Amino acid sequence: PLNFCRRADLPSRMTRGAEQKPRGPVHISLLLFGAVRSDLQLAVSLASVRQNLLAPLTHGHSLYKVSIHGSMDCSHPCTLAAVRSAFAGPDLRADTLVVEGGVNSTDSMLRYRRAMAHAARAAAVALRAGAKLAIAARVDVEYASPIHRDLLPPGATLTWQVSQNVSASGERRGGGPAWIVVPDFAHFHQLNDRFVYGPMGTVLALFEWRLHNMAADLFAEHLACLAARTLKVAVLASPIRLVRRRSDLSVPDADRILAWRSMPQRSWMRAAESGSFCRRETKVRFWGGDATSCQPSDLTCKLPMRFARPQSHSISLRSSGKAATNDSHNRQGPSAHRSSARHTPFG
C-alpha cells in the first residue's frame, strides 16, 4: 500500500540531489510489464522494443544510460523458458526480471490488477536502482514508431521527483510541475493507458495510485486519467504509435483504425473523439510537431463521488525507493483548480 511520509523524512543527500542538474548520461529505466500472450507475440513485441524504444536512445550518442526492468505474467501458450531466454540476449538483457505463471481468466479487473502490480513492482525496483526517468511499456504491444531521443518536453524537469510539495496550482516547490508523455490517440475523454514515460518518481506514484484505487467501475483509461488528475500531473500527448498483439499476432480492429489508420473509422469512434482528453488544451512544439498539453485540472475524466472533493497531494520518496502520496483537503476551493490552466504546461 501507499505509505505516507514527509519531506523531513528524506535523507538530506537525496533532497540536495533533487535540486541539482544531472551530470553525465541520464539514467532511464525501460519498464516492461503486463501479460505475455504467447512466445510468438513476445518475439514480435520485443523486436519492436529493440528497434523503436531502445535503438533511438542508445545508438549514436551517449545521452542516456538505459536499464531494463521486467515484471510480467506468462500463461499458456506462453512458456517461462522462452520469456527468460528472450531477456538474456546481448541486445535486450534485463537488469531484473520477474516472470510469474499467469491467470487465464476472462475477468478484466483481475488482469488489470495484476498488470498494475507488475508495473508498480518494476518501477519500485528501477527507482531504487537510481533511474531518473521511466518508460513504461506493455509487453503485449508492438511499438510501430520510434521514440524521439529528445525526451524532455519544453520547460520540463526531472528534478521534482524527490521533493514534491504541491501547491493548489499543481506546482512543486524545489522543482517543476509533475508531467508525463502519453500517445495522442485512444483517449476517448479519458487517458490512453498503454504507454507512458516521465520522471521516475511520477511514473511509480501513478502506477501505485492506480493499483490501490481500482474498482469495478474504475480501471483502464478512466483510472489512468483520474490518477493524473488527482496527483496533479500535467499530460503531453505525442505521436507514439503502438498496437496490441494477441497470442496469434492478430491486431484488434480499434488499433488498426486508430494507430495504423489502415481501416476506416467507425461512426462511434468519430462521435467519441478518440484524441480528446482535455477541456482547455495548449499546443507545444515537441518532436518536430505540435503536441497537445493539458493541465491536470483540465483533464476531461469525470470524478466519481468518492473523488469529488478537491484535494491537494504531495508525492515523496522514502530511502527504500517507495513512492507515497499524502492527501489533504484543499481549503482554497474550486477556484484553485481553475487557476492552473493559466500556467504553462511544464513550468
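The values are calculated or read from the model by the stated rules, or taken from the named source; none is laboratory data. Nothing here was measured: the structure is a model prediction, and the numbers come from that model. Reconstructed Cβ throughout: ideal geometry from the backbone, glycine too, with neighbour counts over all protein chains shown. For the accessible areas, the whole protein counts, side chains as well, though only heavy atoms, and no ligand, DNA or RNA atoms are used. Shrake-Rupley method; radii C 1.70, N 1.55, O 1.52, S 1.80 Å.
Observations on the model:
- Within region 268-281, the set of residues being touching a strand residue (DSSP E or B) at 6+ places or on another chain (Cβ under 8 Å) and at pLDDT below 75 comprises GLY275 only.
- Any hit, region 96-112, residues being open to solvent by less than 40 Å² (accessible area, probe 1.4 Å), part of a strand (DSSP E or B) and either under 25 Å from ASN192 (Cβ atoms) or hydroxyl-bearing (Ser, Thr, Tyr) (or both): no
- Candidate set: region 223-257, residues that are of a type in the set (Gly, Ala, Ser) and open to solvent by 40 Å² or more (accessible area, probe 1.4 Å); chosen: the one nearest to GLY275 (Cα to Cα): SER250
- For region 59-75, taking the residues that are in a loop (DSSP other than H, G, I, E, B) and over 19 Å from SER247 (Cβ atoms), the one that is least open to solvent (accessible area, probe 1.4 Å) is identified as HIS61.
To keep it simple, each residue is scored yes or no on (1) outside any helix (DSSP H, G or I); (2) under 26 Å from PRO146 (Cα atoms); (3) of a type in the set (A, V, I, L, M, F, W, C).
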| site | (1), (2), (3) |
| --- | --- |
| ASP193 | yes, yes, no |
| GLY198 | yes, yes, no |
| LEU204 | no, yes, yes |
| LEU249 | yes, yes, yes |
| ILE257 | no, yes, yes |
| PRO264 | yes, yes, no |
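The rows are residues; the columns are (1) part of a strand (DSSP E or B); (2) in contact (Cβ under 8 Å) with a residue 24 or more places away in the chain; (3) surrounded by fewer than 21 Cβ atoms within 10 Å (Cβ to Cβ).
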site: PRO77; (1), (2), (3): no, yes, yes
site: ALA136; (1), (2), (3): yes, yes, no
site: ASP150; (1), (2), (3): no, yes, yes
site: PRO153; (1), (2), (3): no, yes, no
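- Flag if ALA120 is touching a Phe, Trp or Tyr at 6+ places or on another chain (Cβ under 7 Å), hydrophobic (A, V, I, L, M, F, W, C) and not in a strand (DSSP E or B): yes
- For region 174-191, residues that are within 25 Å of GLY155 (Cβ to Cβ) and assigned to a loop (DSSP other than H, G, I, E, B) total 9.
- Taken over region 225-267, residues that are of a type in the set (S, T, N, Q) and at pLDDT 80 or above amount to 4.
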